[in-house]
Amino acid sequence: MPLVKAGFVVLDCAEPEKLALFYRELLDGEQTEATANRVEIRGADGTRLAFRRDMNATPPSWPRPENSLQAHLDFVVGDLDETERRIVGLGGRPLEAKDAAGPYEERGYADPAGHSFTLRRVAPTAPKQG
């Protein structure tokens, strides 16, 4: 029997209920537990996130150096543009508007509480035609 039953990435924020709703909608997930100071969700792909109430939480300032990136989430997606529209519709905002060079196409965003996350799409292995 494993010692650890489940692992979560926990984001501190002033309003865990609202932030949990943002990620639950983004990940097509479900709420699995809620208390007065913490909400847990599980995405359709099994991703587990929790949101803990901290009235003094301040969002990271990435990419600016003061109070810079502490941690962030990466999500693999099939369509960057479609997912971006959904993020903006849910209250998130783009941090980087251009696609990164390299083996992945990726874009940076902030959730409604200011936590950064990245959408990543694995580039096709065959060269583009046309």
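The values are calculated or read from the model by the stated rules, or taken from the named source; none is laboratory data. This structure is a prediction, so every number in the text was calculated from the model and none was measured. Cβ coordinates were reconstructed from backbone atoms using ideal geometry, including for glycine residues, and neighbour counts include every protein chain displayed. For the accessible areas, the whole protein counts, side chains as well, though only heavy atoms, and no ligand, DNA or RNA atoms are used. Shrake-Rupley method; radii C 1.70, N 1.55, O 1.52, S 1.80 Å.
Miscellaneous remarks
- Answer from E33, E66 - the residue that is at pLDDT below 95, of a type in the set (D, E), over 25 Å from E96 (Cα atoms) and out of contact with any Ser or Thr (no Cβ under 9 Å at 6 or more places or on another chain): E33
- Residue in the range 1-52 that is most open to solvent (accessible area, probe 1.4 Å), counting only those that are among the charged types (D, E, K, R) and touching a Pro at 6+ places or on another chain (Cβ under 9 Å): K18
- Residues of the range 5-23 that are out of contact with any Leu (no Cβ under 9 Å at 6 or more places or on another chain) and either over 16 Å from A110 (Cβ atoms) or among the aliphatic types (A, V, I, L, M) (or both): K5, A6, G7, A14, P16, E17.
- Residue pairs meeting the criteria (Cβ under 6 Å; at least 6 apart or on separate chains; first open to solvent by 40 Å² or more (accessible area, probe 1.4 Å) and of a type in the set (V, I, T), in the range 65-92; second outside any helix (DSSP H, G or I) and at pLDDT below 90): V76/R120
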